[in-house]
Amino acid sequence: MTEFPGRWAEGVSLVIAPVLMLVGVLLRLPYDAFFPRQLAAFAGNAALMTASYSCFAAGNVLLWPGVLGLVRRSPGSRWVLWGGVMVMLGLFERTFHAGVSHLAFQLVSVEGLPAARQAVADSYGAFHVFASLSVALFFGWIVLAVGLWRAGTLDVVRAVALGLMSALPIGVLKGTGVMSIVATAGLCVALVPFGVKILRDGPAPKWWAFPLALAIGAGAVVLGTLG
């Protein structure tokens, strides 16, 4: 039980999740960061914007095993423990935001761009319980980065790169700005090499593990789509 979620889940998470988030941010780079332009971008190029927001959301969700792995590899550090808790809470908030953004895009498809823009404008800033997690989302990466540096898990350069995630904008229908790129690129610098190290630090999986994982993933996508 102390090995949960396991070396492979942690390593794959640390390698893939930051890259997916960076790709998601870069795909929406040509469009203004505020929500009216994000909705207009979806109206003009739904495939690109769907890919962008899907990559970012998938990376955000897939990050949780990696965060647990970082905490597990820094035993005894209260900074890492609390930073990990705060970051995990922040991941929940970003997942909620991703769901709201998805619904807003569907309003463009169903009701048209003007109606969708008006609906988002009228409801923007409405209360939701996840708003209380914004503090954890903002400060969590800084606390975790300081803790990982103090514990010797990350060197100072990668710890600073990880802390840059606190600069990633928070909220629904957030486009790409300079700090979005800096933050997600910093996440890649901090976590991808560590994930590779974890994957190399032990035996390789059985030959059938890769096709089995792909088959399970494909089956999950099909069932989710049909459901």
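The values are calculated or read from the model by the stated rules, or taken from the named source; none is laboratory data. Keep in mind that what you see is a predicted model, and the values were worked out from it rather than measured. Using ideal geometry, Cβ is built from the backbone for each residue, glycine included, and neighbour counts are taken over all protein chains shown. Accessible surface is based on the protein model in full, side chains and every heavy atom, while ligands, DNA and RNA are left aside. Shrake-Rupley method; radii C 1.70, N 1.55, O 1.52, S 1.80 Å.
Quote the accessible area belonging to residue 97 in square angstrom, nearest 10, computed with a 1.4 Å probe and with ligands, DNA and RNA left uncounted.
For residue 97, solvent-accessible area is about 10 Å².
What 222 nm value per residue comes from the helices of the chain, counting each DSSP H run with n ≥ 4 as -39,500 (n - 2.57) and dividing by all residues, nearest 500 deg cm²/dmol?
-25000 deg cm²/dmol
Just reorder 79, 141 by solvent-accessible area, largest first, 1.4 Å probe, all chains present.
Per-residue accessible area, sorted high to low, gives 79, 141.
At 0.36 nm per residue, and after removing the present C-alpha to C-alpha distance, how many nm does the segment from residue 212 to residue 179 gain when stretched out fully?
Extra length from residue 212 to residue 179 when fully extended: 8.1 nm.
Taking θ = phi - 60°, what integer Hz values does the Karplus form 6.51 cos²θ - 1.76 cosθ + 1.60 yield along region 154-163, in sequence order, with x for Gly and Pro?
Once θ is set to phi - 60°, the couplings for region 154-163 become 10, 6, 5, 5, 6, 5, 5, 4, 5, x Hz.
Report, in cubic angstrom per residue, the convex hull volume of the C-alpha atoms of region 57-131.
Per residue, the Cα convex hull of region 57-131 comes to 83 Å³.
If I ignore ligands, DNA and RNA and count only protein heavy atoms, how much of residue 31 is accessible to a 1.4 Å probe, in Å² to the nearest 10?
Number for this one is 50 Å².
Can you quote the Å³ per residue value for the convex hull of the Cα atoms in the chain, rounded to an integer?
135 Å³
Find the accessible area per residue for the chain; the probe is 1.4 Å, ligands and nucleic acids are left out, and the unit is Å².
Dividing the accessible area of the chain by its residue count gives 53 Å².
What ³J(HN,Hα) values, in whole Hz, does the Karplus curve 6.51 cos²θ - 1.76 cosθ + 1.60 give for region 53-68 when θ = phi - 60°, with x put for Gly and Pro?
Result, ordered by residue: 5, 5, 4, 5, 5, 5, x, 4, 5, 6, 6, 4, x, x, 4, 4 Hz.
Keeping all protein chains in the complex and leaving out DNA, RNA and ligands, what accessible area do you get for residue 85 with a 1.4 Å probe, in Å² to the nearest 10?
Accessible area, nearest 10 Å²: 70 Å².
Please list, in order along region 116-132, the HN-Hα scalar couplings obtained from phi with the Karplus expression 6.51 cos²θ - 1.76 cosθ + 1.60 (θ = phi - 60°), rounded to whole Hz, x for Gly and Pro.
Karplus-based 3J(HN,Hα) across region 116-132 equals 5, 4, 5, 5, 5, 4, 6, 9, 5, x, 5, 5, 8, 4, 6, 4, 5 Hz.
Sort 180, 123 by heavy-atom solvent-accessible area, probe 1.4 angstrom, most to least.
Accessible-area ranking of 180, 123, largest first: 123, 180.
So, R0 is 22 Å and r is the distance between the beta-carbons of residue 226 and residue 106; what FRET efficiency does that work out to, to 0.05?
Result of the calculation: an efficiency of 0.75.
Post the alpha-carbon centroid distance, region 178-216 to region 98-134, in whole angstrom.
Computed from Cα coordinates, the inter-centre distance equals 32 Å.
Please report the relative contact order for the chain, taking Cα pairs under 8 Å with a sequence separation of at least 6, and give it as a percent rounded to a whole number.
Rounded, it is 29 percent for the chain.
Would you mind computing, in nm to one decimal, how far apart the modelled labels at residue 196 and residue 135 are, each placed 7 Å from Cα along Cα→Cβ?
3.9 nm
Relative to the present Cα-Cα distance, how much length would full extension add between residue 46 and residue 189 at 0.36 nm per residue of separation?
48.5 nm
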